[in-house]
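A quick write-up on the structure given underneath.
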Amino acid sequence: MEATRSGARRSVLARLWPTMLTGGLLGAGVTGLVFLPSLAASAPLLLIALRPTISVLVLVGGQVAFVPALLVATVFRALLDVGYFGLARYNVRSLLLRRVGTSRLVAALARRSAQRGLLWFCLVNTNLAVDAALGAGAVPMRRFLRFLIPGSALSSALYLAAGSSLAPWTREVVRWLDEHASMLMLAAIGLAVLQAATLLATRRVRAARRVRAARQASRARDPRQCSQYSQTADNRLTQGDETP
């Protein structure tokens, strides 16, 4: 009995940690995007921690010290890849993995013949499809980390170096963002609200269509009900004709 409970707890934890890790990092990324105009000038290292994307690293690469920015970017970029890897490894049904577009791509990349190439590809760049394919395959976590951590460090160093070389131009961009921070943040919040409203309206329309299609299908399956409806309609028409 205790063994069954411990196994159930392990299964729950295995499914819970990648969801919480990935959801928390994506939420931090949204926060960084909203406050990007102000953080790019006042706290660029915090912006890298919240949103360590290529565009952010290039944008603030000339505003921060190289070594701290490299450490922060490597850690948080690797954590997001580990989250996607865990979602695929423990078969967590999530909207995050649907962003790949189709499960056939992950299934094709998860073959043993493609795993070695994908691991070496992690030294150059990582993305959701690669992480999900390696997680869905038989690649151990330690082996994945042996390729992922150096790859995250190399790519982060490359993007930060590009941002440092482009500092004369990126400084003007950061200055403009700082001057228009309040307006840009309000615009970002407005776009987020608009997107959420559009998504909600789309879901309601699709749900209404499904209900309508289900009703039509149930009526088509029950011919007695259809004949009863037609007979009722004929009786109403007859009664209308008889009334003076």
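None of the figures in this text is laboratory data; all of them are computed from the coordinates on show. All of these numbers come straight from a predicted model, not from anything done at the bench. As a convention, Cβ positions derive from the backbone with ideal geometry for all residues, glycine included, and neighbour counts pool all protein chains shown.
Quick look at the values:
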item	result
Packing-based order for 140-150, 77-87, using average beta carbon neighbours within 10 Å, highest first	77-87, 140-150
Label-point separation, residue 197 to residue 43 (7 Å along Cα→Cβ), nm	3.0 nm
Using a Förster distance of 30 Å, the FRET efficiency for residue 165-residue 187 (Cβ separation, nearest 0.05)	0.50
Set of the stretch 36-64 residues, backbone N closer than 11 Å to the point 7 Å along the Cα-Cβ line of residue 28	46-52
Cα-projected label distance for residue 79 with residue 66, points at 7 Å along beta-carbon direction, nm	2.5 nm
Residue 145/residue 216 FRET efficiency (R0 45 Å; Cβ-Cβ; nearest 0.05)	0.25
Packing rank of 209-219, 61-71, 126-136, where each peptide gets the mean count of other beta carbons within 10 Å, highest leading	126-136, 61-71, 209-219
